[in-house]
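Step one of this worksheet: look at the structure below.
The values are calculated or read from the model by the stated rules, or taken from the named source; none is laboratory data. Owing to the predicted nature of the structure, the values given are computational and were not obtained by experimental measurement. Positions of Cβ are backbone-derived with ideal geometry, glycine not excepted, and every protein chain shown enters the neighbour counts. To get the accessible areas, we keep the full protein, side chains included, count just its heavy atoms, and leave off ligands, DNA and RNA. Shrake-Rupley method; radii C 1.70, N 1.55, O 1.52, S 1.80 Å.
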Protein chains: 2
Amino acid sequence: MQPGDPVSSAGSRESGGSAFEAYLEDSRLRVLDEIRAILPDARRPGGRLYELMLDYPLRGGKALRPALAIATCRALGGHLEAVLRTAAVLELYHNAFLIHDDVEDGSELRRSERTLHLVHGVPIAVNVGDGMLAASMAPLLENIELVGLGRALRILQIVARMARESAEGQMIELDWVRAADWSPTDRGYLRMIYKKTAWYTFLAPVCAGAVAAGGDAQVERAFVRFATPLGVAFQIQDDALNLTAGPERYGKELLGDLWEGKHTLILIEAVRSASPSERTRAREVLAKPRCAKTLEDVAYLHDLIRRSRGVEYALGVARRHAARAAHSFARLARGLAPSPHRDFLSGLVAYVVERDR
Amino acid sequence: MQPGDPVSSAGSRESGGSAFEAYLEDSRLRVLDEIRAILPDARRPGGRLYELMLDYPLRGGKALRPALAIATCRALGGHLEAVLRTAAVLELYHNAFLIHDDVEDGSELRRSERTLHLVHGVPIAVNVGDGMLAASMAPLLENIELVGLGRALRILQIVARMARESAEGQMIELDWVRAADWSPTDRGYLRMIYKKTAWYTFLAPVCAGAVAAGGDAQVERAFVRFATPLGVAFQIQDDALNLTAGPERYGKELLGDLWEGKHTLILIEAVRSASPSERTRAREVLAKPRCAKTLEDVAYLHDLIRRSRGVEYALGVARRHAARAAHSFARLARGLAPSPHRDFLSGLVAYVVERDR
């Protein structure tokens, strides 16, 4: 490994878990520097926008998406320089979505601190998110100088699709919430999170990373087969963590999904397996807006989930998807030379279903 | 003129005003069709997003921005096909900004109907705006087939800058509102609206139109010299209409700017020329959030503006900018063959300062 390689700090560690975490952390720091480099100067008029864009990224998220893009590109033999800008843009998009999601969901905590709209008000939060989407375009155009025209255009297409899929997935969920519709099936839930989570958290990073490395459509497809079930498993684990995590690790509002009435596989299973009278009460509680729900309401849902074994059911679905991802990766990995980047990708399967934050 | 030309329906009219309005209307209808063509199918999962994206455009705005892009391209000898997709994207962006602005400003009326977030809730409104920004990217990439690579990339750069300038301008204003800061000077106001209004309403459409027609950097610059003062005059006229328009024509909430405490040149002048005690009271009123302001508060501001002749002052500034735009256009027009498109651009100067909606 060269000095300054994304995983150099992990080189001396022995445990796989540590090397994985170190890879994440190293990617995160590099991507933060790159984000600082691509954002316009904060001293220009209106430049406070750029200070506020750094707020969520500096709170220290996992930066999973850029690590995934970097690892894919480098595992395929691409250079860090070919993918770093794209990785930074993916992280900007992710944080823009988080800001807007927090507004949309009325969330109060993000990475253990108050959400941006609680600190600065909804108007500024909406605008900072818009500014981040705007600030992503120029770096993707300048990518032409880094990776050539063909790859830069393909990456732009991937980012465009990612933004579209995310908005569609979010629309499906918001419609369910607004209509207090608890008819969704497992299939409906899986389609929603494929769009809302899997596309921008897994598919876009691996596709962009593969393209940055010069991978062709076949390579992209192989990575999509790996990333799609992984994204599904990731979101289900996220839903489960919201109910079970220790708050000091989690950084979001515990039980927030119950307060918000979010459509998780866990709740879908709990509502489905409840008795008719329980189902009626659960639907009544879930139809209330967040501010009208009581502690007792949330405790009722929590208990219903416990009795239905909804968490265990959902985690079973997650494990099956993770196994599918592991299978796809095993086939894919035959074409990859051994490297810490390949190891990181391989470690993702276990990480996704075992993580505690 | 060919049949189906954007101004064909204006051909038989005699008055300049009617031809101008007909050009606007014809462009609007074409652009609506093009928006329908570029949006994904509403029947796909999450596709209600695309129904809601059409809500504001179908309410019948002026569609000034696409008309400006079309007229610029065609006045320079470009084809309608070269600019129509870009014009549709500019209109999508405009409507996305309107949706998010309405959320940010807590506005209640848009084009004489209830704002999107009042009808569907803030979460859906924020997401529909995000979806519109997302849906704009693919058509701009497909532009390569219509206008070639160089022009398509330059148009992407223009749209990226437009989005950035708008977010910066919005940030300046939101910061003033949030800090109840009434220190802005005329110069500060002009810089804010240059970014917030002029860039996306005038500069981006003329630049994109010029590029679509194959105009070089010199042509773009000449159009920028025309569009910049025009954008300033347009926003000041908009501020004045908010205080003086007949509600049946205006379509927005009359006196909404006073309720929202918006930083208009009119209010800046009124606060500046008030006595110390009046200024104190005005600042107290302006610092209140919208929901805490009383009818009496708004009447006080209205009266202060009347006594300071703030509207007249601001319209004087608007007229001086319009005159500058007319001067720039006169120089520019020497290079343009006579056409209804050139006539439309020429008519803009009068329109901007004389319009009543």
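Worth pointing out:
- Karplus-derived HN-Hα couplings along the range A:128-135 (A = 6.51, B = -1.76, C = 1.60, θ = phi - 60°), whole Hz, x at Gly and Pro: 5, x, 4, x, 5, 4, 5, 5
- Other-copy label distances relative to B:R178, 7 angstrom Cα-Cβ extension, nm: 2.7
- For the range A:250-304 and the range A:18-62, distance of Cα centres in Å: 35
- Distance between modelled label sites at A:A350 and A:L149, nm, 7 Å Cα→Cβ extension: 4.6
- Shielding by partners, peptide B:155-167 (average Cβ within 10 angstrom, other chains): 5
- The trypsin sites (Lys or Arg not before Pro) of the range B:37-108 that DSSP puts in a loop, and whose beta carbon has at most 12 other beta carbons within 10 Å, are B:R43.
- Top positive-direction residue, dipole computed over the range B:72-132 with Cβ charges, set B:V119, B:N95, B:L109: B:N95
- Each of A:C207, B:A322, B:G231 was scored by the projection of its Cα onto the charge dipole of the protein assembly as shown, and the greatest displacement toward the positive side belongs to A:C207; charges sit on the C-beta of Lys, Arg, Asp and Glu.
- Here the spin labels are modelled as points 7 Å beyond Cα on the Cα-Cβ line, and at B:H327 and B:R309 they lie 2.4 nm apart.
- Sites A:T244 and A:A180, calculated FRET efficiency, Cβ-Cβ separation with R0 25 Å, nearest 0.05: 0.50
- Listed residue (B:A22, A:G61, A:A337) projecting farthest to the positive dipole end of the protein assembly as shown, Cβ model: A:A337
- Cross-link partners of B:K293 among lysines (Cα-Cα below 21 Å; sequence separation of 8 or more within a chain): B:K252, B:K262
- Peptide B:39-45 shows a mean partner chain C-beta count of 2 within 10 Å per residue C-beta.
- Within 10 Å of the Cβ of each residue in A:97-105, the mean number of Cβ atoms contributed by other protein chains is 3.
- Across B:A198, B:A160, B:A210, mean-square fluctuation computed from a Gaussian network of chain B (C-alpha pairs under 10 Å connected) peaks at B:A160.
- Protein accessible area in the protein assembly as shown, 1.4 Å probe - carbon and sulfur %: 51
- A/B buried area, accessible surface, summed, 1.4 Å probe, Å²: 3900
- In nanometres and ascending order, the distances from the A:A330 label point to those of the other copies are 8.1 (point 7 Å from Cα along Cα→Cβ).
- For B:G121, the label point sits 7 Å beyond Cα toward Cβ; its separations from the matching points on the remaining copies run 2.5 nm, from shortest to longest.
- Average accessible surface for the protein assembly as shown: 38 Å² per residue, computed with a 1.4 Å probe over protein heavy atoms with every protein chain in place.
- Electrostatic dipole magnitude of chain A [Cβ: Lys, Arg +1; Asp, Glu -1; Cα centre; debye, to 20]: 780
- Label separation (B:E142 vs B:E51): 2.3 nm, computed from points 7 Å beyond Cα along the C-beta direction.
- Computed over the range A:208-321: relative contact order in percent, which uses C-alpha pairs under 8 Å that are six or more apart: 32
- Cα-based shape type of the range B:20-116, given that a ≥ b ≥ c are square roots of the gyration tensor eigenvalues and the cut on a/c is 1.5: oblate
- Relative contact order, percent, chain A [alpha-carbon distance under 8 Å, six or more residues apart]: 18
- Evaluated with a Cβ-only charge set (Lys, Arg +1; Asp, Glu -1), the protein assembly as shown carries a dipole of roughly 700 debye about its Cα centre, given to the nearest 20.
- About its Cα centre, the dipole of the range B:271-357 is roughly 320 debye, where the only charges are +1 on Lys and Arg Cβ and -1 on Asp and Glu Cβ.
- Cross-link table A:K62/A:K196; A:K195/B:K62; A:K196/A:K288; A:K288/B:K62; A:K195/A:K288; B:K62/B:K288, entries beyond 30 Å C-alpha to C-alpha: A:K195/B:K62; A:K288/B:K62; B:K62/B:K288
- Each peptide in A:269-277, B:347-355 was scored by the mean count of other Cβ atoms within 10 Å over its residues; highest first, the order is B:347-355, A:269-277.
- Paramagnetic label zone (point 7 Å from Cα along Cα-to-C-beta, B:Q218; backbone N under 13 Å) in the range B:146-178: none
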